[in-house]
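For reference, the structure discussed in these notes is given below.
Values in this text are rule-based calculations from the coordinates and carry no lab data. Bear in mind that the values here come from a model prediction, so they are computed numbers and not experimental data. For neighbour counting, all protein chains shown are included, and Cβ atoms are generated from backbone atoms with ideal geometry for every residue, glycine included.
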Amino acid sequence: MRPLGKLAAPPNFRQTLEDHGAELLAISARHAERVGELALHHRDPFDRLLVAQALEERLTLVSGDRALAPYGVPLLW
């Protein structure tokens with residue numbers, strides 16, 4: 001069963017991502033500060049953290065959650 005009914009990741013998901021050139025992104029103090037500056041368009045604190053990271057690092061966020069669109073973060077899914 002998938003947690004929250006979302007993405008089903010295989011047990012070796014992290015390794016597969018790294019094998020294909022993906023880099024893991026740690027949470028920085030800069031990211032945490034940015035979360036505090038975001039409007040409350042989205043109530044999920046983890047999703048808001050992902051938005052903050054994407055904005056700070058100028059990355060595209062991979063998410064099908066259209067409630068994130070008001071943040072102006074590039075979305076892919």
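Table for the structure above
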| quantity | calculated |
| --- | --- |
| Qualifying trypsin sites (Lys or Arg not before Pro) in the range 7-50, DSSP loop, other Cβ atoms within 10 Å at most 10 | ARG43 |
| Length-normalised contact order of the range 29-77 in % [C-alpha pairs under 8 Å, at least 6 apart] | 34 percent |
| Over the chain - Rg/Rh using Cα atoms and the Kirkwood inverse-distance radius | 0.98 |
| Dipole magnitude of the chain about its Cα centre (Cβ charges: Lys, Arg +1; Asp, Glu -1), debye to nearest 20 | 260 debye |
| Among ALA52, ALA39, ALA22: highest mean-square fluctuation, GNM of the chain, C-alpha pairs under 10 Å | ALA22 |
| The chain, helix-only ellipticity at 222 nm - DSSP H runs n ≥ 4, -39,500 (n - 2.57), divided by all residues, nearest 500 | -11000 deg cm²/dmol |
| GluC sites (Glu not before Pro) within the chain: DSSP coil, no more than 12 neighbouring Cβ in 10 Å | GLU23 |
